[in-house]
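Have a look at the structure below before the remarks.
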Amino acid sequence: MEFAERLTNLPKVFEAARRARVGATPTEVVFRHDKVRLLHYLNRAERRFRTPLVFVFALVNRPYILDLRPGKSVVQHFVEAGFDTYNLDWGVPSANDRRLRLEDYVEGYIDRAVDHLRERTGSERVSILGYCMGGTMSAMYTALHPDKVKNLILLAAPVDWSQRDHLLAKWMDAKVFDVDKLIDVYGNAPADLLQGSFLLLRPVSNLVGKYINFYENMEDEKFLEDFFAMETWLNDNIPVAGETFRDFVKQCMQQNRLIQGTCRVGGRTVDLRRITCPVLNLAAEKDHLVPCGQSLPFNDAVGSTDRTAITFPAGHIGMAVGSKANHELWPTACDWLAKRSDPA
Amino acid sequence: MNTPSGGDSTVDAFSRFWTEAMSRAMGGGGWPSQSPPRDDLMRQMRQAFLDAWEHHCIELMSSEAFLELMRKSMDNALAFKGQMNQLLAKILEDSPIPSRDDTDSILQVLRSIEGRVLDRLDRLTERVDEIEERQDHAPARPPGPAKRKSK
């Protein structure tokens, strides 16, 4: 009987899938360089802080996860708190972008976007919030340009790959994964390969549990809206520029050079001790992609005296879209940043 | 560590998985009571089963045998793809259609030009800034003699 009732609900399910929308906050594009766009979040909230905040997401998947839906948006917290908020959208690399290196992203795109923001807002320094690999790149950027960054927030950002006991670390080990062969053949790191790998990190949850949960909640319209918004993002995969992927995997994931202070970007050594700005390091307790042990060592590696670490009971994506994170973590992060930003 | 033969290891792995799944499902407290289980109890048992299954899948995918299999599969797939790429490049070479390498070369030239132009612009901007700064800091000239008006 219950099964029959759920079947009759199928048209609503298809309608919800068709209507799936992502992005809670209106944006305008204020800067472009190649495929990269700097998005400015528009809002009616009173601007309380002069120091702009820019989100830097990873190169895999799209950055709108930070502004997925009303009530599941990290961006909305900061916008409503009065921050001038931006997001760096990397665009989608094509085959012609395969020669882009890590330095093109860190010293090129991030630096140009930051310079544009400094000129646009009149603020000498900006605050950066980096998520996942975006956090790693933000840390590299801040170490190379400490004069341009006022505050640094890292969200589930890997910086220390010395722990080798979790699944992704084993798969990425140099004895198992030959990144040179992959990039020499494919050019870019294929989106399907990355997506498949992430799914298999939690195979039963992602391929069985998710659909059981869907079946049990498919009569709930709000659940359907959130589910399909999340699915839109999960399936919106993009390749990673080949040389950047090769660089990142070898220097960071396999050789662990970043935390050791021997990582080279654009001919310069990235020394995390050059980071002296206030740092807020948010680590996810239940993160299967970036375990806490990969994020937390950052605070001991930097030269900052104002360092805060928060370990939150959520998964990698839950840190951004989970209800608990939205109610508890992000208000705390906003307060932290408010105390360290210049007033408008 | 013992490495039993293929069949025995499969049975052992399944036994371990089943034992763990049942332990989690029963909460370590023995068999369920005679009365029909409630929905939430059923959900808990189901979740325990799924958790055990996932734990064992992850264990399997972390094993040396799986990693070796993964490495070999990827090597074979990449070798095949590499050969297909070479074949395609050869076909394109013999045809009037530009290949990826051709467009790649053009893009590299363009990127190099872009880099050089931007670097030159940056240097010019720095020089202009220096000149302006020197002008701003230059001592003010004393006013010259007043000019006589001609009649």
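Bear in mind that the values in this text are calculations on the coordinates, not laboratory data. None of the values given here were measured: they were computed from a predicted structure. Every residue, glycine as well, gets a Cβ built from its backbone with ideal geometry; the counts of neighbours run over all protein chains shown.
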*Subset of A:LYS222/A:LYS324; A:LYS175/B:LYS90; A:LYS210/A:LYS250; A:LYS12/A:LYS210 violating a 26 Å alpha-carbon distance limit*: A:LYS175/B:LYS90; A:LYS210/A:LYS250
*Within straight cross-link reach of A:LYS150, meaning Cα distance under 21 Å, which lysines are found once same-chain residues fewer than 8 apart are removed?*
A:LYS339
_Computed over the range A:184-326: relative contact order in percent, which uses C-alpha pairs under 8 Å that are six or more apart_ = 19 percent
*So how strong a dipole does the protein assembly as shown carry about its Cα centre when Lys and Arg Cβ are +1 and Asp and Glu Cβ are -1, to the nearest 20 debye?*
2020 debye
*Peptide-level mean, for B:99-107, of C-beta atoms on other protein chains within 10 Å*: 2
*Does the protein assembly as shown come out rounded, prolate or oblate, given a ≥ b ≥ c as the square roots of the eigenvalues of its C-alpha gyration tensor, rounded meaning a/c under 1.5 and, failing that, prolate meaning a/b above b/c?*
prolate
*Choose one of A:PRO239, A:ASN206, A:GLN251: the residue whose Cα lies farthest towards the positive end of the charge dipole of the range A:200-263 (beta-carbon charges +1 Lys, Arg; -1 Asp, Glu; about the Cα centre).*
A:GLN251
*asked:* Quick check on the range A:52-144: take the gyration tensor over C-alpha atoms, sort the square-rooted eigenvalues as a ≥ b ≥ c, and tell me if it's rounded (a/c under 1.5), prolate or oblate.
replied: oblate
*Residue farthest toward the positive end of the dipole of the range A:2-338, with Cβ of Lys/Arg at +1 and Asp/Glu at -1: which of A:ALA139, A:TYR64, A:THR25?*
A:ALA139
_the range A:1-47 - charge dipole about Cα centre, Lys and Arg +1 at Cβ, Asp and Glu -1, debye rounded to 20_ = 220 debye
